[in-house]
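J.: One structure coming up, written as structure tokens, with questions to follow.
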Amino acid sequence: MAKYNWSFANVGGVTRVRIQSAEDIRHLGELDKKMWTVLSCPTTGLEISSDSLSLMDLDGDGKLRVKEVIATADYLCATLKDAKSLFEQSDSIALDNIADESLKAVAEKLAKDGKVSLADVQAAIDAVTVEEKPVPAAPLEADVIAAYKEKQAEYAAYFEQEKLQKLGLAVIAEDAPKPGMTEKKFLEMGAQIARWESEVESLKLKVESELAEARAEFMPLRKLLLIHRDFYRLLRNFVTLEDFYDRDSSTIASFEAGTLIIDQRACHLCMRVHDPAKHDAQAPLSGMYLIYCNCVNQKTGKSMAIVAAVTQGEVNNLSIGKNAVFYDNDGLDYDATVTKIIDNPISIRQSFWTPYRKFANWVEDKINKSAAEKDAKAFGDLTAKGEGLIANGEKKEEQKPAFDIAKFAGIFAAIGMALGMIGAALVSVAEGMSGFKWWQYIIVFVCILLVISGPSMIMAWLKLRRRNLAPVLNANGWAINSDALVSVLFGRTLTEQVMFPVVKLPKVKGQMDSWKKWLIAICSILVGLGIICGVLYLCGFCFSCLRFH
């Protein structure tokens, strides 16, 4: 047999197979498993109907695998005359396209205008009825049965204690509540109620069995219509991930749960979190900036945990505990609270400021820590002094320690040595730069900025090139067989930043014009650079004079 000629395309930066024709679906079993983007996915928690996915899950283990997708493709190609209708993703099928004669005969009973739809089949299933069976009469009044069930455990325990008391193995307290019947009567009532409940349950199961038997005629057609509607969408999310990378279409990937609105941006790549422990191990490998949120709808009580990817903007205002709003794909809104953040670069521009932001945070933390320690020490000293005054009954003058000249001489010597070393270093730098022209000082300043920010920018560039959604999907129970890269350009489609129109606001009294602010800022920068260059030049000149003398 000749090898089937597959078509390939670059999807998401990776070469993938394209499923474009009925023949592609017919030959799906011949596709090398190494070429499949996904090897397995869960049958629940996706944006594809769980009814359809469970019908394709032949072994019922909650996972849909390659062999089951192939088996479903073979079933559709055998049941339909032309599998091309699968690309329409419709829940109706033309009668002329049904190859299976038994399914066609059922469809002809329900068809309208030569087509049978899922709604027609569901209406027929709901209309099925069976002969009503008389329910056996209850042996006792409803309130008596309810009271018996409420007291059943208590009475049984009492009669058990009574037996043990007769044997001398237990003693029933005199004030213990006693049943208003004998044990014999209690057991007879229990037997009557149990027998009646068994008859009612047996009748219920019989009715359900008859209903299932009567509806069985329509179930194969329902299965065909469900899979006919959802199978091609499954292929686009299983074989190629096309629904994820095709942001121009109205469809979304089966794992996208909705949109998170936070910090003046809309994060469209949001997924449900089923196992937080797996996310802790896998998600950091994605190289993406991820926000985890707990979402609750106060009206319905529905809740879910999600993870959202941030691929544009700054992160200064994103922190644990921040509130946001999440909209699922049905438009239902949830109150969202950030519970965890995985910090990774969002852009090279943002990474330029990362070292300075971290340094500022470090300084702020040190200042806060030092202030807290001093405040605690001062409060402790004040408390100790207060306790001492209360204990002694009188105020004692605090004795100051004698001035230790030797101790302070060592400190002054150390400070002088440090200042001398710093001065020598600055003079050496100034000597080397004394012959520079004015524009060379600017180059030196730019080089210093690059030395500080360069490593952070390089690391960001490397991470942005390797951003991969596959680890996050793996954490959600998928078996991803290929990279799911998220490039910088593609990432911009996943996070939408706010775009305000340019408006001219009325000038507030005393407010400075924008051009004046820019002029002051530029002049300040130039003056600062001039002072730095002047100081370096004078230091170099003074050093040259000292060396000459």
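J.: Does Ser52 meet the test of being closer than 15 Å to Ala73 by Cα, small (Gly, Ala, Ser) and buried (at least 16 other Cβ atoms within 10 Å of the Cβ)?
T.: Values: closer than 15 Å to Ala73 by Cα: yes; small (Gly, Ala, Ser): yes; buried (at least 16 other Cβ atoms within 10 Å of the Cβ): yes.
When the stated conditions are applied, Ser52 passes them.
J.: What are the residues in segment 98-114 that are surrounded by fewer than 17 Cβ atoms within 10 Å (Cβ to Cβ) and either in contact with a Lys or Arg (Cβ under 9 Å, 6 or more places away or on another chain) or at pLDDT 95 or above (or both), if any?
T.: Ala99
J.: Let me ask something additional. Just to check your reading of the model, which residue among Tyr155, Tyr148 is surrounded by 13 or more Cβ atoms within 10 Å (Cβ to Cβ), touching a residue at least 40 places away in the same chain (Cβ under 8 Å) and in the same structural domain as Val200 (by TED's automatic domain parsing)?
T.: Going through Tyr155, Tyr148 in turn, the sole match is Tyr148.
J.: Take the residues in segment 121-143 that are assigned to a helix (DSSP H, G or I) and touching a residue at least 24 places away in the same chain (Cβ under 8 Å); name whichever of them is nearest to Leu224 (Cα to Cα).
T.: Here is the first cut: in segment 121-143, the ones assigned to a helix (DSSP H, G or I) are 121-127, 142-143.
Still in the running and touching a residue at least 24 places away in the same chain (Cβ under 8 Å): 121-122, 124-125.
Details: Val121: 11, Gln122: 13, Ala124: 15, Ile125: 15 Å.
By that ranking, first place goes to Val121.
J.: Any residue in segment 262-276 that's more than 13 Å from Glu47 (Cα to Cα): show its pairings with residues that are aromatic (Phe, Trp, Tyr) at Cβ separation under 7 Å, as long as the two are six or more apart or on different chains.
T.: Going by the 7 Å Cβ cut-off, the qualifying pairs are Val273/Tyr292.
J.: Please enumerate the residues belonging to segment 51-76 that are outside any helix (DSSP H, G or I) and over 15 Å from Phe238 (Cα atoms).
T.: Step one: list which residues in segment 51-76 are outside any helix (DSSP H, G or I), which gives 57-65.
Leu58, Asp59, Gly60, Asp61, Gly62 - these are the residues of segment 51-76 that are outside any helix (DSSP H, G or I) and over 15 Å from Phe238 (Cα atoms).
J.: Name the residue that is farthest from Arg467 (Cα to Cα), counting only residues in segment 1-32 that are at pLDDT below 90 and crowded, with 16+ Cβ neighbours inside 10 Å.
T.: The residue in question is Val11.
J.: For segment 480-499, which positions are in a loop (DSSP other than H, G, I, E, B) and either farther than 17 Å from Asp248 by Cα or acidic (Asp, Glu) (or both)?
T.: Of everything in segment 480-499, those that are in a loop (DSSP other than H, G, I, E, B) and either farther than 17 Å from Asp248 by Cα or acidic (Asp, Glu) (or both) turn out to be Asn481, Ser482, Asp483, Ala484, Val498, Met499.
J.: Between a first residue in segment 178-205 that is without any contact (Cβ under 8 Å) to a residue 12 or more places away in the chain and a second residue that is basic (Lys, Arg) and surrounded by fewer than 15 Cβ atoms within 10 Å (Cβ to Cβ), which pairs have beta carbons less than 9 Å apart while being 6 or more apart in sequence or on different chains?
T.: none
J.: I'm trying to understand the selection: among the residues of segment 46-60, which are closer than 28 Å to Thr15 by Cα and under 25 Å from the mean Cα position of the chain (by Cα)?
T.: Correct list: Leu46, Glu47, Ile48, Leu53.
J.: Provide a single number: the residues in segment 17-52 that are in contact (Cβ under 8 Å) with a residue 24 or more places away in the chain and under 30 Å from Ala305 (Cβ atoms).
T.: Residues that pass the stated criteria total 14.
The values are calculated or read from the model by the stated rules, or taken from the named source; none is laboratory data. Nothing here was measured: the structure is a model prediction, and the numbers come from that model. FYI the Cβ positions are ideal-geometry reconstructions off the backbone, even for glycines, and counts take in every protein chain you see.
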